Amino acid sequence: MGKSNKLIIYTDGGARGNPGPAAIGVVINDNPDMGFKAKHYSEAIGKTTNNVAEYKAVMFGLKKAKFLLGGDRAKETEIEICSDSEFVVNQMNGVYRIKDEDLKPFFIEVWNLKQDFKHVSFSHIPREKNGAADSLVNQALDTLL
């Protein structure tokens, strides 16, 4: 079995109130074949909507993966974004059209960030499978209160 050049990134974003104080949580899984240890990130992002927070979490995860891997290695790496946001996953997979003009710049930025990697896929997962990223969002939100 060959080495796997794949990273799985779990992302979550949330706002208390919509819009309201918002935060992101990102877990980049480890990949022993790449010598890559798991990383956990959380960050308060100010007042925004749930959908914007979900997009910002994806953007953060892709930017952080590129930074950690370096540009050349990123080009050889497949990324799987796992999110419990059916909305963002379906927009990125072309299932849903982007009707909200305010979300188009976020979609475009994620689309552009995808170009830094060999391949980026988006998978919808149930909220209970996204516990670590969700917990990071809540930790960041709790620091605001």
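The values are calculated or read from the model by the stated rules, or taken from the named source; none is laboratory data. Small disclaimer: the values here were computed from a predicted structure and weren't measured. With ideal geometry, Cβ positions are generated from the backbone for all residues, glycine too; neighbour counts draw on all protein chains shown. Protein only, heavy atoms only, side chains kept; ligands, DNA and RNA dropped before computing areas. Shrake-Rupley method; radii C 1.70, N 1.55, O 1.52, S 1.80 Å.
Odds and ends about this structure:
- Full-stretch length increase - residue 6, residue 100 - with 0.36 nm per residue and alpha-carbon distance subtracted: 30.6 nm
- Rounded to 0.05, the FRET efficiency of the residue 119 and residue 39 pair, given R0 = 35 Å and the Cβ-Cβ distance, is 0.95.
- Potential lengthening between residue 108 and residue 135 on full extension [0.36 nm per residue; Cα-Cα distance subtracted]: 7.0 nm
- Relative frequency of Cα-Cα separations exceeding 14 Å in the range 42-117, percent: 62
- The antiparallel fraction among DSSP beta bridges confined to the range 1-136 stands at about 60%.
- Of all accessible heavy-atom area on the chain, the percent that carbon and sulfur account for (1.4 Å): 49
- For the range 39-69 versus the range 121-140, the gap between their alpha-carbon centres in whole angstrom: 12
- Solvent exposure of the chain as accessible area per residue, Å², 1.4 Å probe: 53
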